[in-house]
Amino acid sequence: MDKVFIRNLSIRGTHGTEAREREVEQEFLIDIEAQFDAKRAALSDNLDDTINYVRFRDIAREIVEGRSFFLIERVAAEIANTILTDMRIEEVSVTVRKPHVFESGIPGVTIVRTCQKDAND
C-alpha cells in the first residue's frame, strides 16, 4: 500500500496531566502517516487525486492548538479520527511526542487506526 506522511511537525499546545502543562504551552512533535492507493494520483499528476499532507498539518494544528486534553493518546486519537473522515485513507498512524519533558529521552505515543468501511462497500 502507498503512504503519504508528514514528520516532526512542531506545534505548541496545552496538554498533560499536570496543571502547569495545561496552563503553559509546550512543544509537541507530531508524525502522521496514512495508507492509501496512490495509483490514480501517480497517473494523473493532479493534487485532487492524492492525499494532501497540508490537510494533515492543518488538522493537527487545529487539535493541538485549539483544544486541551490530559493525555497525548487522546490528542493522537482525535487527529487520527479526523484524518479518517477521508474515505480514501485505509489506515493512519499518528505519533505524538513531548520533547521537553525529560532531560534525556523523548516520551510519546503512537496510535494506529483503520477505516471502518461499511459492509455494503
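The values are calculated or read from the model by the stated rules, or taken from the named source; none is laboratory data. Keep in mind it's a predicted model, so treat the numbers as computed, not measured. Note: areas computed on protein heavy atoms with side chains; ligands, DNA, RNA excluded. Shrake-Rupley method; radii C 1.70, N 1.55, O 1.52, S 1.80 Å.
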Spelling it out for Glu91: with amide H atoms placed in the peptide plane at 1.01 Å from N, the residues 5 or more places away or on another chain with amide H under 5 Å from its amide H are Gln35, Cys115
Rg and Dmax of the range 60-121 over Cα atoms: what are they, in angstrom? 13.9, 51
I'd like to check one number: the per residue accessible area of the chain, probe 1.4 Å, reported in Å² as a whole number. 62 Å²
Using only the C-alpha atoms of the range 46-88, find the volume of their convex hull and express it per residue in Å³. 62 Å³
Of the heavy-atom accessible surface of the chain (probe 1.4 angstrom), what whole percent is carbon and sulfur? 46 percent
Between Rg and the Kirkwood Rh of the range 9-56, both from Cα atoms, what is the Rg to Rh ratio? 1.27
Can you give the percent of C-alpha pairs in the range 1-118 whose distance is more than 20 Å? 42 percent
